[in-house]
Amino acid sequence: MKYENYIFDLYGTLVDIHTDEEKPELWEKLAQFYGYYGAAYTAQKLKNAYARLTGQKEDALRQEMGSEADIKKDDTHEAHPEIEIEEVFLALFQEKGVQADLELAIHAGQFFRILSTEYIRLYDGAEELLTALREKGKKVYLLSNAQRIFTAYEMRLLGLEPYFDDILLSSSCKVKKPDARFFHLLLDKHHMVPEESIMIGNDAVSDIKGAKEVGLHTFYIHSNISPDIKKKPDADYVLMQMDLAKVRQILISD
C-alpha cells in the first residue's frame, strides 16, 4: 500500500443520502414548529426567509474571508465560505422577536434535516473498506462539506465515528472544498506529506480538483449523487460506478 493517509469525502462516497428541501410539507411542519415558540410564519414566508438569511450570512462570511479563494463563487456549484446553519435557524426566531437560545435553533435545524431526508444509509462495503485500512495501520480521515449539526449526528447514527483518526466538517472550519484552505487545515494539523496521502471522493471539482491542487493523490468514484461530468476526471484512480469492494481491492493491493 503506497499511501499512509486516506482522506474520505462522506456523502456520495461512503454514505448514500437523498434529501428534498423543496417539499411543501417540510415547510408547513417547520412553520408549525416555529409557531410553537411564538415565531409565526406561513410555510412560504419561512422558506423565503430561510433562503434570504442563508444568502446574507454566506455573503457576510465571503466578505470576511476576502478574495483569497482561487475559484470564484460562480465558477462551481460549491461556494467556498461555509456558514454554520444553526445561525440561520436562530435568526428565524429573532426576526419574529423570539429570544431563542442556540440549543433550540439546533433542534429546529435537526428537525428540518429529518423532514428533508428521504433516506440515509451506508454504501455496501463502506465499513469493510474503512476496517481494512485501519487493520493495515493506515491513518483514515474525513474531510466533508457538511453541517456539523446534521453530520455529526448522522455519523453517530450510522456508526462511522470510530473509523476516523480525525473528522473535519466545513461548517466548523468556515470554508469548504475545493478551497485549498480546507485541505490545508487537515494536512497541516497532522503534518501530512501530500505525496503519501490520497483523497477519495465522488465530486470531480470539490474532491478531485481541489485535492490535486494541494498535491494529493486522488481516487474518483462516480456515485448516484455525483454531479454530472462530461469526461472522466483526471484522477489517479477512476471508478465510474459505486463499488467500494473494488475500491478496497485497489487500495489494499497498492
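Taking the chain on its own, what percent of its Cα-Cα pair distances exceed 24 Å?
Distances greater than 24 Å cover 50 percent of the Cα pairs.
How large a share of the accessible area of the chain, in percent, is made up of carbon and sulfur atoms when the probe is 1.4 Å and the other protein chains stay in place?
On the way: 5820 of 12300 Å².
Of all accessible area on the chain, carbon and sulfur atoms account for 47 percent.
Around residue 19, which amide H atoms from residues at least 5 apart in sequence, or from another chain, sit under 5 Å from its own amide H, with H modelled in the peptide plane?
Amide H to amide H, under 5 Å and 5 or more residues apart or across chains, residue 19 pairs with 118.
If we count every other residue with Cβ under 14 angstrom of residue 95's Cβ, Lys/Arg +1 and Asp/Glu -1, where does the sum land? Walk me through the numbers on the way to the answer.
Working: positive: 45, 47, 52, 57, 96; negative: 87.
The answer is +4.
So what's the convex hull volume per residue for the Cα atoms of the range 165-254, in Å³? Each step should come with its number before you reach the end.
Numbers: hull volume 9.8 nm³, N = 90.
For the range 165-254, the hull spanned by Cα atoms encloses 109 Å³ per residue.
What's the local net charge at residue 250, with K and R +1, D and E -1, over the other residues with C-beta under 12 Å away?
Working: positive: 2, 246, 248; negative: 236, 243, 254.
It works out to a net charge of 0.
Looking at 200, 245, 233, which one has the Cα that reaches farthest to the positive end of the dipole of the chain (charges on Cβ: Lys, Arg +1; Asp, Glu -1)?
Value computed over the given set: 233.
Write down the accessible area per residue of the range 106-254 in Å², having rolled a 1.4 Å probe over the full set of protein chains. Mind showing how you got there, number by number?
On the way: 6820 Å² over 149 residues.
For the range 106-254, the per-residue accessible area is 46 Å².
On C-alpha positions alone, give me the angle between the axis of helix 126-135 and the longest principal axis of the chain, in degrees, nearest 10.
Helix 126-135 sits roughly 50 degrees off the main axis of the chain.
Taking the chain as the reference, fit the longest principal axis to its C-alpha atoms, fit the long axis of helix 148-158 to the helix C-alpha atoms, and give the angle between the two in degrees, 0 to 90, nearest 10.
Helix 148-158 and the main axis of the chain meet at about 60 degrees.
Pairs of alpha-carbon atoms within less than 8 angstrom and 6+ residues apart define the contacts here; what relative contact order does the range 44-186 have, in percent? Can you show the working numbers first?
Values: 142 pairs, mean separation 38.5, N = 143.
After rounding, I find 27 percent.
Angle check, please: helix 102-116 long axis (alpha carbons) against the longest principal axis of the chain (alpha carbons), in degrees 0 to 90, nearest 10.
70
Of the listed pairs 209/231; 2/174; 176/246; 139/177; 136/189, which have alpha-carbon separations greater than 24 Å here?
Values: 209/231 13 Å; 2/174 32 Å; 176/246 28 Å; 139/177 20 Å; 136/189 22 Å.
Violating the 24 Å limit, Cα to Cα: 2/174; 176/246.
Which of the lysines could be linked to residue 29 by a straight reach, that is with a Cα gap under 27 Å, when you skip same-chain ones fewer than 8 residues away?
Those lysines meeting the cut-off are 45, 47, 57, 96.
Which residue, chosen from 14, 24, 184, occupies the Cα position most advanced towards the positive end of the dipole of the chain, where the dipole is computed from +1 (Lys, Arg) and -1 (Asp, Glu) charges on Cβ about the Cα centre?
The residue sitting farthest along the positive end of the dipole is 24.
Which order do the peptides 55-65, 85-95 come out in when sorted by mean C-beta neighbours inside 10 angstrom, highest first?
Numbers: 55-65: 13.9, 85-95: 19.8.
The most tightly packed comes first, giving 85-95, 55-65.
Counting Lys and Arg as +1 and Asp and Glu as -1, each charge on the Cβ, what is the dipole of the chain about the Cα centre in debye, to the nearest 20? Provide the component values of the computation, followed by the final result.
Numbers: 31 positive and 44 negative charges, 34 e Å.
Approximately 160 debye in magnitude.
The values are calculated or read from the model by the stated rules, or taken from the named source; none is laboratory data. On a predicted model such as this, the values are computed, not experimentally measured, just so you know. Virtual Cβ from ideal backbone geometry, glycine too; neighbours counted across all protein chains shown. For the accessible areas, the whole protein counts, side chains as well, though only heavy atoms, and no ligand, DNA or RNA atoms are used. Shrake-Rupley method; radii C 1.70, N 1.55, O 1.52, S 1.80 Å.
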